Amino acid sequence: IFRLVWNGTIWRPDSTNGWGAGKAVRYPDGTGDPDAEGITIGAAGSADGLYIATERNNQTSSVSRNTILRFDAQQAGATLTATHAWDLTADLPAVGPNLGLEAITWVPDSFLVNRGFFDEAAGRTYNPADYPNHGTGLFFVGIEANGGIYAYALDHATGGFTRVATIVSGFVGVMDLSFDRELGYLWAVCDDGCQGRTATLEIDGQAGSASLGRFVVTHRFERPSTMPNLNNEGFGIAAQAACVAGQKPVFWADDSETGGHAIRAASLPCARFP
């Protein structure tokens, strides 16, 4: 993985603290080559750790291993060894070793409670106190094989986990998830297999609705008209502080590095959609 900084013209690898050539990631025992597909951070940014969605160990690539790994971003050296691991393989639908976890994002408890999120495991409105040692939010992961989104409470003391919700994205595959913490949208992203489309999901708050308290698709978008149908598997949204003239940056990560570029940028409205 890399940490990139803007030099006024282009994004370049950070040259400090061993990040210049990127850092390899390993399982908690220091071995393996996790197939890292998605990355997110917690409430306090990278100080809370980096959480990476992985779908297999590349050293045994014929076997699915859908695992969330946590890393200390401040760890020195050219390699990061996971501090925690949650192997979700048995809890998720059976998929091929290259069709598993592609996406991960963190959603704060405060948002979920405020919107009346429904906890499918408990059969009632979500109560963070039901999940000791899970921190202050839930992790949402996406599967390439079926387009499903799954919300988990991760126990950081025992390594246990609970699936709190199963969500339909409307896509045949989900390649990334990104939660806009300020506007309250959960973004789901598909790649060139879906013509680069994205969708926003929100918690249904309509009284009497069959989906009350559950995430539902609210908007669908085509890719930017100036961007080819690329193998985009990453999607990041800037904070509201980056707004200029009512727009803020958004970034796509191209897994194929088409034309020698891994990142492309456009803009999104800083206000909620009509």
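The values are calculated or read from the model by the stated rules, or taken from the named source; none is laboratory data. All figures in this text were calculated on a predicted structure; none of them were measured in a lab. Ideal geometry is used to build each Cβ from the backbone, glycine not excepted, and the neighbour counts take in all protein chains shown. Ligands, DNA and RNA are stripped out before the accessible areas are found, and what is left, the full protein with its side chains, is counted by its heavy atoms. Shrake-Rupley method; radii C 1.70, N 1.55, O 1.52, S 1.80 Å.
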Task: Evaluation of Ala262 against (1) more than 15 Å from Glu37 (Cα to Cα); (2) open to solvent by less than 70 Å² (accessible area, probe 1.4 Å); (3) among the aliphatic types (A, V, I, L, M) (one fails), failing number - done: (1)
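Quick grid of which residues meet (1) surrounded by fewer than 17 Cβ atoms within 10 Å (Cβ to Cβ); (2) in contact with a Pro (Cβ under 8 Å, 6 or more places away or on another chain); (3) within 16 Å of Val217 (Cβ to Cβ):
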position	(1), (2), (3)
Gly100	no, no, no
Pro108	no, no, no
Ala151	no, no, yes
Glu182	yes, no, no
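Need at least 3 residues that are under 15 Å from the mean Cα position of the chain (by Cα) per element, so show me which strands (runs of 3 or more DSSP E) inside the range 79-144 make the cut, counting only ones lying wholly within it. Reasoning before the result, please.
Values: elements: 79-81, 84-87, 101-108, 137-143.
Qualifying strands (runs of 3 or more DSSP E): 101-108, 137-143.
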Task: Among the candidates Asp204, Asp191, residue that is acidic (Asp, Glu) and surrounded by fewer than 23 Cβ atoms within 10 Å (Cβ to Cβ) - done: Asp204
- [ ] Considering (1) at pLDDT 95 or above; (2) buried (at least 17 other Cβ atoms within 10 Å of the Cβ); (3) farther than 18 Å from Val216 by Cα, say which one Ala73 fails and leave the rest.
- [x] (1)
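For every residue, the table says whether it meets (1) hydrophobic (A, V, I, L, M, F, W, C); (2) free of Cβ contacts under 8 Å to residues at least 40 places away in the same chain.
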position: Met175; (1), (2): yes, no
position: Gly184; (1), (2): no, no
position: Cys190; (1), (2): yes, no
position: Pro274; (1), (2): no, yes
Open item on the list: Suppose we keep only residues that are of a type in the set (Lys, Arg) and surrounded by 16 or more Cβ atoms within 10 Å (Cβ to Cβ) within the range 211-237. Which one would you say is farthest from Gly170 (Cα to Cα)?
Closed with: Arg223
- [ ] Give me the pairs, please: first residue somewhere in the range 206-227 and in contact (Cβ under 8 Å) with a residue 40 or more places away in the chain, second residue anywhere and assigned to a loop (DSSP other than H, G, I, E, B) and aromatic (Phe, Trp, Tyr), beta-carbon distance under 7 Å, and either six or more positions apart or on two chains.
- [x] Gly213/Phe117; His219/Phe273
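Having 1 or more residues that are closer than 23 Å to Tyr150 by Cα is the bar; report the strands (runs of 3 or more DSSP E) wholly within the range 196-274 that clear it. Spell out how you get there, then give the answer.
Values: elements: 198-203, 215-221, 232-237, 247-254, 263-269.
Strands (runs of 3 or more DSSP E) meeting the threshold: 198-203, 215-221, 232-237, 247-254.
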Open item on the list: If I filter the range 214-233 for residues that are aliphatic (A, V, I, L, M) and in contact with a Pro (Cβ under 6 Å, 6 or more places away or on another chain), do I get at least one hit?
Closed with: no
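Consider Ala21 carefully, then state whether it is within 30 Å of Ala239 (Cβ to Cβ) and touching a Gly at 6+ places or on another chain (Cβ under 7 Å). Before you say what the answer is, go through the steps one by one.
Numbers: within 30 Å of Ala239 (Cβ to Cβ): yes; touching a Gly at 6+ places or on another chain (Cβ under 7 Å): no.
No, not satisfied.
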